[in-house]
Amino acid sequence: MTEPTTEAWLSAGIHLMPTLVWAVLAERTFLLRRPGQPRTRLYLLLPIFSGALALHYLDSALAALLPMGADGLPSPALYRISALRDITLLVAVTTGRHMLRYFPSRDDPPQRLWLGLTYGSAVALGVGAFLTPVNHWFTYQVTYDAYLVTSLILMLLYAARAARFGGWGLAGFSTIRTVDVVLFSAGLLAALLFLHHQILAGRVLWHLPPGFAAANALLGILIAVPLALRLLGEFRRGLVVIGLTTVGALVVFLGGNALVDRMPADVHAAGRLAIVLLVLPIVGPGRLWLAATIGRLGLWRSRGLESRLHDLLPTLSPELGTEECSRRALTAFTDAIQLSGAAVLLDDGPTVAHGAVEVDQIRSAWPCPATAARLFGNGVASLEMRELPEQMREPLLAARVIGVFPVVSPRRRLGWLFLTTGPLGAVVTDEDTRAITSFANQLALVLDSADLLGRVVRAERSLAQAEKMSAIGELAARMAHEIRNPITGARSLVQLVARDPASPENVEHIGIVLDELGRVERQISALVRFARREDLCVTEIDLGAVVRQAADAFAPACRGRGIELEIDAPDGIQAQADPEKIRQIVRDLLENAADAVCGCSVDRRHVHLRVRHHDGCACLDVKDSGPGLPEGCTTRVFDPFFSGKTRGAGLGLAIVKRVVEAHGGRIHACNHSTGGAEFRVELPVPTAGASAA
């Protein structure tokens with residue numbers, strides 16, 4: 001057994017590079033098969049196709065290291081490895097032809113006759129690889145190469161008919177592009193050149209010269225490019241790992257060979273074997289360790305993606321509404337997952353998008369909710385997009401949509417989440433899918449809460465509107481009653497005056513008419529005050545001085561009704577208020593107290609007015625000696641149209657309460673322990689900054 005030459009080691013090392021590329025592609029395409037999704041033969045053929053090419057280049061690397069026999073014929077090991085090399089390439093070409101039939105359309109599967117002829121001829125050639133004697137191997141090899149060339153020509157013709165103009169991109173994910181046809185042509189040309197060279201040589205090329213080995217390896221990498229770029233979002237991690245692994249393997253290989261060449265000739269074989277034993281852990285467990293190490297450094301998109309998305313949505317408040325929640329969530333989502341855009345299409349609402357998203361194109365292709373639920377199920381991403389009907393698939397792929405996921409809460413389905421990517425596309429991995437599904441479920445909870453909150457707000461507004469209409473109806477009925485009675489009485493008296501203008505009772509009648517019309521005027525004035533918006537001119541006031549002014553103006557009316565008015569309003573109690581509104585409040589409260597004490601039989605008609613500080617507020621107390629408030633009515637007295645008087649619209653205290661709250665203050669009503677009702681108004685005091693100003 002002769003020792004492998006340097007050229008043999010170089011040829012083996014060259015073939016290891018496409019071996020690693022296709023091994024990673026086989027692994028990635030196999031892992032992309034998600035459970036629970038519709039399947040076609042394409043998902044089975046992709047990893048078989050990639051794995052067969054990986055084995056083919058591995059066999060080529062091993063064949064380069066195996067020696068020829070002493071009689072010029074290949075050794076048994078080289079013969080078996082060469083047969084396996086041809087069989088693996090045969091498997092790759094056959095599955096490639098089969099797989100090619102699924103790219104233009106999933107609705108055009110190959111017929112059984114086509115499958116029988118294709119796989120039958122491949123099996124026959126594969127069996128021949130082991131049964132053909134070594135001395136007839138050249139005839140078999142020419143037949144084998146002719147079959148491969150014929151297969152490549154048929155693949156090229158089929159691809160050329162189905163190809164669409166343009167380069168790679170997401171739309172090329174389920175279609176053949178013109179750049180793919182160019183690579184098919186390069187493969188066909190290489191096969192023709194190799195067949196031509198072998199026929200001219202008139203013998204079997206058991207060992208490829210370094211130039212042919214480099215061309216063969218380069219061709220394998222070029223053929224991998226279309227699939228690698230279609231899987232770029234997933235394959236990029238493989239590219240990094242492969243690059244570093246290849247560099248490490250080459251350093252060990254070349255450095256080891258240089259070291260072995262300086263050793264005695266009798267240890268060269270052992271040294272070469274040691275180099276192989278060192279390279280194998282690098283390309284095997286070392287590659288896995290390297291991928292895990294880079295992943296722990298956070299260089300992969302999926303690393304920590306689920307936890308980042310999990311922390312995103314709790315920051316959203318349902319009070320923002322469904323559209324604003326969706327917009328903020330999508331902004332952070334696209335940054336986290338590193339996509340060019342995303343959109344949420346709500347079943348009963350608008351489409352909210354962020355980034356590069358063709359919203360109109362998506363909406364035009366989107367079916368009714370029931371059909372969408374049937375087609376998309378728990379979500380469709382990457383390769384699964386080609387499973388959709390053509391009338392829906394093409395517009396979505398043209399809009400660069402790489403995934404569609406349902407936004408479903410425990411209560412109902414709210415809509416759909418769309419992911420879009422850039423010109424080279426991306427692949428959504430299983431890890432990405434889990435993170436995106438978790439994000440969509442959390443987003444559904446937030447949107448559902450926002451929707452429920454919106455419904456509650458709308459219900460409250462509807463209820464408030466109904467209450468408002470009820471209040472208007474009550475107001476109309478009350479005002480009709482309050483105005484009709486005095487006007488009816490005044491009309492009767494005017495009729496009496498008209499019948500007998502000279503009657504001495506006309507003066508009394510005219511006085512009553514004027515009183516009734518004044519009553520109507522007061523009712524209308526109260527209504528206008530209640531309906532008018534309060535425009536305040538707030539400033540810093542001396543509450544005691546303002547209250548005294550208003551009370552002094554009302555004092556003559558109190559004396560005329562036999563009411564004793566006691567005023568306790570010292571100076572120096574500051575408040576932030578509109579002085580004119582405060583005077584109005586004082587007059588309304590004094591008039592209410594005066595009506596209360598005059599409407600009952602008490603020995604002493606007394607009203608006490610006091611200004612003081614209380615709990616950090618400027619406080620105004622009005623206490624009377626009347627009968628007090630009816631039981632259970634201490635809060636209802638401020639409701640519009642609630643009144644214990646026989647002649648009143650019930651708007652006075654409601655107006656007072658609204659004016660006080662417009663100042664940022666509060667008003668309370670209660671029955672005093674010594675009898676009578678007490679009203680307390682609390683107003684804000686000036687802040688330190690306001691006082692300084």
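Bear in mind these aren't lab numbers, they're just calculated from the coordinates by the rules spelled out. Computed from a predicted model, the values in this text were never measured in an experiment. Heads up, the Cβs are rebuilt from the backbone with ideal geometry, glycines too, and the neighbour counts pull from every protein chain shown.
Things worth noting here:
- The amide H of H606, built 1.01 Å from its N in the peptide plane, has E564, S625 as neighbours under 5 Å, considering only residues 5 or more places off or on other chains.
- R363 paired with I221, simple spin-label distance in nm, labels 7 Å along Cα-to-beta-carbon: 4.8
- Packing-based exposure ordering (other Cβ within 10 Å, fewest first) of E460, E7: E460, E7
- Taking 7 Å steps out from each Cα toward its Cβ at A373 and Q549 produces label points 7.0 nm apart.
- Nitroxide proxy distance, nm - points 7 Å out along Cα→Cβ at A186 and L244: 2.8
- A Förster radius of 25 Å combined with the Cβ-Cβ distance from F212 to H136 puts the calculated FRET efficiency at roughly 0.60.
- R0 of 60 Å, Cβ-Cβ distance N671-A356: FRET efficiency to nearest 0.05: 0.30
- Backbone HN-Hα couplings from phi across the range 374-379 [Karplus 6.51/-1.76/1.60, Hz, Gly and Pro as x]: 6, 7, 9, x, 8, x
- Compactness of the range 334-411 as Cα Rg over 2.2 N^0.38 Å, two decimals: 1.06
- Sorting 321-333, 389-401, 138-150, 16-28 by their mean Cβ neighbour count within 10 Å, with the most densely packed peptide first, gives 16-28, 321-333, 389-401, 138-150.
- Remark: the range 539-692 is approximated by an ellipsoid whose semi-axes, taken from the C-alpha gyration tensor as √(5λ), come to 26, 17, 14 Å, largest first.
- Length released on extending from I487 to T143, taking residue separation times 0.36 nm less the Cα-Cα span: 111.9 nm
- Remark on G415: its backbone amide H falls under 5 Å from those of D347, V407, a criterion applied only to residues 5 or more positions apart or on other chains, H modelled at 1.01 Å from N.
- Using the Cβ-Cβ distance between R461 and L280 with R0 = 56 Å, the FRET efficiency computed as 1/(1 + (r/R0)^6) comes to roughly 0.15.
- For the range 581-590, backbone phi angles converted through the Karplus equation (6.51, -1.76, 1.60; θ = phi - 60°) give residue-by-residue couplings of 5, 5, 4, 5, 4, 4, 4, 5, 5, 5 Hz, Gly and Pro being listed as x.
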